[in-house]
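What follows draws every value from the coordinates through simple rules; no lab data is involved. Quantities reported herein were computed from a predicted structural model and do not represent experimental measurements. Using ideal geometry, Cβ is built from the backbone for each residue, glycine included, and neighbour counts are taken over all protein chains shown.
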Amino acid sequence: MEKKERHFKQGFFKPQYPEKYMGDPTNIVYRSGWERRFMDYLDHNRSIVKWSSEEVVIPYISPVDNRPHRYFVDFYVEATAPDGSTKKMLVEIKPYAQTQEPKTPKRKTKRFITEVMTYGVNQAKWHAAKDYCNKKGWDFKILTEN
């Protein structure tokens, strides 16, 4: 029988190397299978020195309501670079479709309007995250299924 890949929607991650986790290692929540797999990668990769999930909070202004909100970035990562230096970064895990501007359909449906709002909010969050990282000398990465 062929073994099927397990798909995770949401749950708690139990690290094998809890000393690498910055925060409470008994309360690490993943919100998708992609986040779960990335956590496993961070936990087992030797070049990852420290990491956390949703511990970094960045303020941003939403283009939907023009009010301040808080962006809980998916991951903070500290890694040892090949030259021995420490590289710090924020990482967001998103479906590829949410990283692309929605194409305007012939008829503007509720779904299209929701996609436009999601895209706009994501752009505002990512702009704030890039500014935050630039000030600290960190990198900001968006990872998708691609």
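The stretch between LYS135 and TYR17, if pulled fully straight at 0.36 nm per residue, gains 39.5 nm over its current Cα-Cα span.
Spin-label model, LYS9 to THR114: label points 7 Å out along the Cα-to-beta-carbon direction sit 1.5 nm apart. Pairwise Cα distances in segment 77-122 exceed 18 Å in 50 percent of cases.
Modelled spin-label separation between ILE48 and ILE61, with each label point placed 7 Å from Cα along the Cα-to-Cβ direction: 3.6 nm. Checking the Cα-Cα distances for LYS9/LYS50; LYS94/LYS135; LYS14/LYS110; LYS103/LYS141 against a 32 Å cut-off, the pairs over it are LYS14/LYS110.
Normalised size of segment 101-146, defined as Cα radius of gyration per 2.2 N^0.38 Å with N residues, equals 1.51.
Taking the longest Cα principal axis of the chain as reference, the axis of helix 33-44 is set at about 30 degrees.
Projecting the alpha carbon convex hull of segment 61-146 along each direction and taking the average yields 7.1 nm². Taking a sphere under 15 Å around the Cβ of THR86 and counting the other residues whose Cβ falls inside, with K and R at +1 and D and E at -1, yields a net charge of +3.
Less than 12 Å from a label point 7 Å out along the Cα-to-Cβ axis of ARG31: which backbone N atoms in segment 45-80 qualify, by residue? Within reach of a label on ARG31, which here means backbone N under 12 Å from a point 7 Å along Cα→Cβ, segment 45-80 contributes 54-55, 70-75. Expressed as an acute angle from 0 to 90° and rounded to the nearest 10, what is the orientation of the C-alpha long axis of helix 110-136 relative to the principal long axis of the chain? Helix 110-136 sits at roughly 50 degrees to that axis.
Result for the chain in a Gaussian network model with C-alpha springs under 10 Å: among VAL64, VAL91, VAL116, the largest mean-square fluctuation is at VAL64. Amide H contacts for GLY11 (H built 1.01 Å from N in the peptide plane; partners 5 or more residues away or on another chain; cut-off under 5 Å): TYR30.
DSSP assigns beta bridges within the chain; of those with both partners inside it, close to 75 percent run antiparallel.
Overall dimensions of the chain, expressed as equivalent-ellipsoid semi-axes from the Cα gyration tensor (√(5λ), whole Å, largest first), are 29, 21, 14. For the chain, excluding the exposed loop sites themselves (trypsin sites (Lys or Arg not before Pro), DSSP loop, at most 10 other Cβ atoms within 10 Å), the longest remaining stretch covers 47-102.
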